[in-house]
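One structure is given below, encoded as structure tokens.
The values are calculated or read from the model by the stated rules, or taken from the named source; none is laboratory data. Predicted model, so just to flag it, every value in this text is computed and none were measured. Counting neighbours? That spans all protein chains shown, and the Cβs are built from the backbone with ideal geometry, glycine included. For accessibility, only protein heavy atoms count, side chains too; no ligands or nucleic acids. Shrake-Rupley method; radii C 1.70, N 1.55, O 1.52, S 1.80 Å.
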Amino acid sequence: MNTYPLTEADRALIRAGLEVLEKNFDDGVYNHTVGCALRTKDGKVYCGVNCDGIHGACAEYVTMGIAISAGEREFDTIVAVHEKHLNCVIPPCGNCRQMLFEYCPDILVIVNDDEGNLVKVSAADLLPFAWRPVVC
């Protein structure tokens with residue numbers, strides 16, 4: 001698995017995710033407890049929070065939907081955050097890994113490595129042996 005060091009733009013992306021979460025955090029109800037920030041190839045940043053409930057949506061799904069709804073199709077880096085997690089970064093769940101793989105397998109995802117350092121890895125590397133749509 002290839003890892004890439006964080007840039008100042010990546011650290012700003014983490015801060016943007018934390019800011020959107022701080023503005024929308026819903027402690028006790030748990031509807032909005034994870035923030036996300038996504039940077040496009042041309043440098044635009046989109047932010048969102050999870051929408052929990054009986055059929056909730058992760059912050060990564062919400063944020064990707066916001067960016068796609070704005071016409072974006074070229075994605076660079078994404079991060080999910082919460083202030084109480086290691087380095088404030090949360091790894092994507094299995095559903096989010098699959099979504100990222102299908103929409104943009106080359107997007108870089110900010111995660112903590114095994115030593116607790118922040119790194120970027122491709123969505124494809126986060127989901128080895130991923131399910132791929134079958135074309136008939």
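Within the stretch 126-136, is there a residue that is open to solvent by less than 40 Å² (accessible area, probe 1.4 Å) and part of a strand (DSSP E or B)? Outline the logic, then answer.
Filtering the stretch 126-136 down to residues open to solvent by less than 40 Å² (accessible area, probe 1.4 Å) leaves 126-127, 130.
Checking which are part of a strand (DSSP E or B) leaves us with none.
No: the stretch 126-136 contains no residue that is open to solvent by less than 40 Å² (accessible area, probe 1.4 Å) and part of a strand (DSSP E or B).
Of the numbered conditions (1) free of Cβ contacts under 8 Å to residues at least 12 places away in the same chain; (2) out of contact with any Cys (no Cβ under 9 Å at 6 or more places or on another chain), R73 satisfies every one except a single condition; which is it?
So R73 meets the others, but not (2).
How about the stretch 21-64: which of its residues are outside any helix (DSSP H, G or I), aliphatic (A, V, I, L, M) and within 18 Å of D106 (Cα to Cα)?
Passing the criteria: A37, L38, V45.
Scan the stretch 83-125 for residues that are open to solvent by 40 Å² or more (accessible area, probe 1.4 Å) and in contact with a Ser or Thr (Cβ under 8 Å, 6 or more places away or on another chain) and report the count.
Going through the stretch 83-125 one residue at a time, the tally reaches 3.
Of all residues in the stretch 1-19, how many are assigned to a helix (DSSP H, G or I) and within 25 Å of P105 (Cα to Cα)? Give the steps one after another, and end with the answer.
At the first step, the residues of the stretch 1-19 found to be assigned to a helix (DSSP H, G or I) are 8-19.
Restricting the remaining residues to those that are within 25 Å of P105 (Cα to Cα) gives 8-18.
Counting residues in the stretch 1-19 that are assigned to a helix (DSSP H, G or I) and within 25 Å of P105 (Cα to Cα) gives 11.
Quick check: anything in the stretch 69-86 closer than 24 Å to P133 by Cβ, over 12 Å from the mean Cα position of the chain (by Cα) and of a type in the set (G, A, S)?
Filtering the stretch 69-86 for residues closer than 24 Å to P133 by Cβ gives 69, 71-76, 78.
Next cut, over 12 Å from the mean Cα position of the chain (by Cα) only: 69, 71-74.
This time we only want the ones that are of a type in the set (G, A, S), so: 69, 71.
Checked the stretch 69-86: at least one residue is closer than 24 Å to P133 by Cβ, over 12 Å from the mean Cα position of the chain (by Cα) and of a type in the set (G, A, S).
Say whether the condition of being in contact with a Gly (Cβ under 6 Å, 6 or more places away or on another chain), touching a residue at least 24 places away in the same chain (Cβ under 8 Å), closer than 16 Å to P5 by Cα and assigned to a strand (DSSP E or B) is met by at least one residue in the stretch 99-121.
No - not one qualifying residue is present in the stretch 99-121.
Within the stretch 8-61, how many residues turn out to be β-branched (V, I, T), surrounded by fewer than 20 Cβ atoms within 10 Å (Cβ to Cβ) and at pLDDT 95 or above? Spell out the reasoning first.
Taking the stretch 8-61 as the starting set, the residues that turn out to be β-branched (V, I, T) are 14, 20, 29, 33-34, 40, 45, 49, 54.
Those left that are additionally surrounded by fewer than 20 Cβ atoms within 10 Å (Cβ to Cβ): 29, 33, 40, 45, 54.
Cutting the leftovers down to at pLDDT 95 or above gives us 40, 45.
Counting residues in the stretch 8-61 that are β-branched (V, I, T), surrounded by fewer than 20 Cβ atoms within 10 Å (Cβ to Cβ) and at pLDDT 95 or above gives 2.
What residue, of A80, A67, is closer than 16 Å to Y46 by Cβ, among the small types (G, A, S) and assigned to a helix (DSSP H, G or I)?
A67
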